[in-house]
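Structure first, commentary second.
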Amino acid sequence: MKDLEKYTLRIADTSLILAQRLSEWCSNGPTLEEDIALSNISLDLFGQANGLLDYVSKLNGEKSADEIAFKRNERQFYNLQICEQENGHFGDTIIRQFLCDSYFKLFYSSLANSKDEILSAIANKSLKEVEYHLRHSSNWVIRLGDGTKESNQKIQTSLNQIWKFTGEFFEMDELDNIMLKKNIGVDNNNLKEEWDLIVNKTLKQAKLTRPNDGYMMNGSKQGLHTEYLGKILAQMQYLPRAYPDAKW
Amino acid sequence: MKKNKSTVWEVFIQSKNGLAHKHFGNVHAEDKEMALQNARDLYTRRNEGSCIWVVKSEHIVSSVPDDEDSFFDPSNDKVYRHPTFYKMPDGAKHI
């Protein structure tokens, strides 16, 4: 696989898997309004994944975007592990979304300056959507954190549990360094400082305690995942694998 | 889905700059920001507008159907309230 193709695929997979995860809230939201809000965010992410996968397909020259999404196995997916984590209760989902949105905002802001015109265009388009997502999730973090004693405790636990997946946002591997040198990719290390600012500010407002950076999970860049990705893929890929010629 | 006990807000959307805000429907929300976001998600997904107002439903004072007779009937037979007794000058168009 070419460098640019793999780099784009990583970004695409992160959007795709988080979109699929969030879509599980459709018809299960705590209220009708929130159900639609989460489904909208999921659809935005699917849209981003679609644009990126089309580009991967073009770079690949053989496989269609659908084939890339539906005909790969776990070890061939490169999404950040945080995206595949289970939805849990509403607070678990909101915290995961908030941490991801804060990262997406900075990542896409930086990718918007990419020398690659298509990546830059996708980043610019995604940025508008992501800014709204961040506004939505930050407000909920504050509402729940600074809500009742019970809601504060619950969302603090959610935060503590998912924290170990935030290390991956800022990792750089060989491919990242190559893409950075070509002025195509993002310097992930560089995002950390501003991410800390965004996250700390909201957590403070929400009366939540930022967990210490302890052991951090990693491995998604090599296709290593937690047990949850397989189950997502089983659901997401069932139809096109069982009925390869199905049209929808 | 659990019973929703939160506040109801009325949603008004301005479709274009300069036009009046029109009533679109309502949403449930706990606070102002949530009301605005819910309205955005529910009612402006297909380019419906450029500005949203949300107002707590309890703050809207409405006439009630029972008052219909005393409120609206008396104007029915007062045709002179309509500007229909003028002769239109020939040059005036689009009126």
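Worth a mention:
- Hz values of 3J(HN,Hα) by residue in region A:201-213 - Karplus curve (6.51, -1.76, 1.60), Gly and Pro given as x: 4, 5, 4, 5, 4, 8, 6, 10, 9, 5, x, 6, 6
- Our helix-only sum for the protein assembly as shown, with -39,500 (n - 2.57) per DSSP H run of n ≥ 4 divided by its residues, gives a mean residue ellipticity at 222 nm of -17500 deg cm²/dmol.
- Förster-model FRET efficiency, 30 Å R0, B:ARG81 and B:THR7, C-beta, rounded to 0.05: 0.15
- Candidate aspartates and glutamates - alpha carbon under 20 Å from A:LYS201, same-chain residues fewer than 8 apart omitted: A:ASP92, A:ASP101, A:GLU131, A:ASP146, A:GLU193, A:ASP213, B:GLU33
- Helix B:32-43 and the longest principal axis of the Cα set of chain B meet at an angle near 70°.
- Modelled FRET efficiency - R0 22 Å, B:ASN17 with B:TRP53, Cβ distances, 0.05 increments: 0.95
- Seen against the Cα atoms of chain A and their longest principal axis, helix A:32-60 is set at about 30 degrees.
- With contacts taken as Cα pairs under 8 Å at a separation of at least 6 residues, region A:3-242 carries a relative contact order of 25 percent.
- Between region B:31-95 and region A:215-248, the Cα center-to-center distance that results, in Å: 52
- What you get for chain B, charging only the Cβ of Lys and Arg (+1) and of Asp and Glu (-1), is a dipole of about 540 debye around the Cα centre.
- Dipole of the protein assembly as shown, positive direction: furthest Cα of A:SER15, B:SER63, A:LEU52, with charges on the beta-carbon: A:LEU52
- Think of each Lys and Arg Cβ as +1 and each Asp and Glu Cβ as -1; about the Cα centre, that makes the dipole of chain A roughly 180 debye.
- Cα gyration tensor category, rounded, prolate or oblate, for the protein assembly as shown with a/c compared to 1.5: prolate
- Extension gain (nm, one decimal) between A:ARG241 and A:GLN205, 0.36 nm per residue minus Cα-Cα: 8.3 nm
- When the trypsin sites (Lys or Arg not before Pro) in region A:1-107 are filtered for DSSP coil states and for at most 14 other beta-carbon atoms within 10 Å of their beta-carbon, the remaining sites are A:LYS2, A:LYS63, A:LYS71.
- Straight-distance crosslink candidates among lysines, where the alpha carbon sits under 18 Å from A:LYS63 and sequence neighbours closer than 8 are dropped: A:LYS2, A:LYS6, A:LYS71, A:LYS247
- Euclidean distance of C-alpha centroids, region A:28-98 and region A:144-158, integer Å: 27
- Peptide B:25-34, shielding by other chains (average Cβ, 10 Å cutoff): 3
- Links that overshoot a 29 Å alpha carbon limit, given the list A:LYS154/B:LYS22; A:LYS115/A:LYS164; A:LYS105/A:LYS181: A:LYS154/B:LYS22; A:LYS115/A:LYS164
- Inter-chain neighbour count for B:40-47: the average number of beta-carbon atoms from partner chains within 10 Å of each residue's beta-carbon is 3.
- Tensor-based shape of chain B (alpha-carbon gyration tensor, a/c under 1.5 rounded, otherwise prolate or oblate): oblate
- Bridgeable lysines around B:LYS78 (alpha carbons under 20 Å apart, same-chain partners fewer than 8 residues away excluded): B:LYS87.
- Shape call, region A:185-240: gyration tensor on alpha carbons, a/c limit 1.5: prolate
- Helix A:3-23 and the longest principal axis of the C-alpha atoms of chain A enclose an angle of approximately 50°.
- Across all Cα pairs in region A:1-94, the calculated P(r) in 5 Å bins from zero up to the longest distance comes to 3, 14, 23, 23, 15, 11, 7, 4, 1 percent per bin.
- Descending by average beta-carbon neighbour count within 10 Å, the peptides B:65-76, A:80-91 line up as A:80-91, B:65-76, the highest first.
Values in this text are rule-based calculations from the coordinates and carry no lab data. Remember, predicted model here, so these are calculated numbers, not experimental data. For neighbour counting, all protein chains shown are included, and Cβ atoms are generated from backbone atoms with ideal geometry for every residue, glycine included.
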